[in-house]
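The structure appears right after this line, and notes come after that.
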Amino acid sequence: MDASELLLTRQSTPRLTLPAPSESQLDFILNAGARVPDHGALTPWEFIIAAGDGLNKLGEIFVKAASANGAEEAFITKAKGMPHRAPMVITIATKNQQHPKVPLLEQQLAAGCATMAMQQAAFSIGLGAVWRTGDFAFNATVNKELGLAENEQIVGFLYVGTPAVKAPVKPLKDGRQFARFL
């Protein structure tokens with residue numbers, strides 16, 4: 001897939017199945033994420049990978065967080081299964097650092113760029129991925145259980161796998177409708 005096709009046809013793939021990315025595919029995905037713009041070369045991100053039993057562990061973390069928030073039993077049961085919507089979930093978090101020239105927002109944007117680059121990398125090699133957030137991305141219990149510091153923030157859960165169905169290509173949006181000139 002060439003870059004033009006990737007940029008103009010990339011889309012989220014919410015229905016994912018086995019197989020998960022191979023080791024070499026995962027390396028490609030992670031390397032793409034690590035290649036994004038990074039002011040000050042801070043690498044202000046961390047990629048936490050859940051596959052196999054790791055999906056169960058992530059589900060238990062979601063259960064703990066939902067229970068701590070007083071969620072109803074139906075949601076707690078749903079939360080346990082959420083990571084199993086794909087054979088791999090990569091949690092992307094900022095590793096915020098105090099820096100005189102690189103504000104925290106810029107570091108969070110870099111982590112967001114890493115997430116997007118990883119989704120595009122997966123798509124470019126025939127895999128599917130969907131970037132999800134939701135309440136668990138902003139939950140202190142989830143952060144703590146994943147070993148994140150209080151000042152670190154999850155920017156997304158990237159669900160990755162093999163597309164379960166071939167999704168139709170969405171119509172191309174005219175970028176000029178969002179542009180204005182000064």
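Label separation (SER67 vs HIS99): 3.9 nm, computed from points 7 Å beyond Cα along the C-beta direction.
Size of the chain from its Cα atoms: along the principal axes, largest to smallest, the extents are 49, 47, 35 Å. Rolling a 1.4 Å probe across the protein heavy atoms gives the chain an accessible surface of 58 Å² per residue. Lysine pair count for the chain with Cα-Cα distance under 13 Å and sequence separation of 8 or more or different chains is 4.
One decimal place: the segment ALA164-ALA74 gains 29.8 nm when fully extended, by the rule 0.36 nm per residue minus the C-alpha distance.
Two numbers describe the Cα atoms of region 32-138: Rg and Dmax, which are 15.7, 47 Å.
Label-to-label distance for LYS173 and GLU145 is 3.3 nm, based on points extended 7 Å past Cα in the beta-carbon direction. Rounded to the nearest 0.05, the FRET efficiency derived from the C-beta distance between PHE181 and ASN56 at R0 = 41 Å is 0.20.
Taking every C-alpha pair closer than 8 Å and separated by at least 6 residues, the mean separation divided by the residue count of region 104-182 gives a relative contact order of 30 percent. Just so you know, the Cα atoms of region 25-66 work out to an Rg and Dmax of 14.2, 37 Å. Rounded, prolate or oblate: which fits region 80-182, taking a ≥ b ≥ c as square roots of the Cα gyration tensor eigenvalues, rounded meaning a/c under 1.5, else prolate when a/b beats b/c? Oblate is the answer for region 80-182, as a/c is 1.5 or above yet b/c matches or exceeds a/b.
Each of THR91, VAL169, VAL142 was placed along the dipole of the chain (beta-carbon charges, centred on the mean Cα), and the one lying farthest toward the positive end is VAL169.
Dipole of region 1-47 computed with +1 at Lys/Arg Cβ and -1 at Asp/Glu Cβ about the Cα centre; of GLN11, SER24, ALA34, farthest Cα towards the positive end is GLN11. Mean separation of Cα pairs under 8 Å and 6 or more residues apart, divided by the residue count, gives the chain a relative contact order of 34 percent.
Computed over protein heavy atoms with a 1.4 Å probe, the carbon and sulfur contribution to the accessible area of the chain reaches 57%.
Taking only the Cα atoms of region 1-95, the ratio Rg/Rh comes out at 1.04, with Rh defined as the Kirkwood radius.
Here the dipole of the chain is about 540 debye; that uses its Cα centre as origin and unit charges on the Cβ of Lys and Arg (positive) and Asp and Glu (negative).
The values are calculated or read from the model by the stated rules, or taken from the named source; none is laboratory data. Computed from a predicted model, the values in this text were never measured in an experiment. Neighbour counts are summed over all protein chains in view; Cβ atoms, including those assigned to glycine, are modelled from backbone coordinates with ideal geometry. Each accessible area value is taken on the protein alone, full model and side chains, heavy atoms only, with ligands, DNA and RNA left out. Shrake-Rupley method; radii C 1.70, N 1.55, O 1.52, S 1.80 Å.
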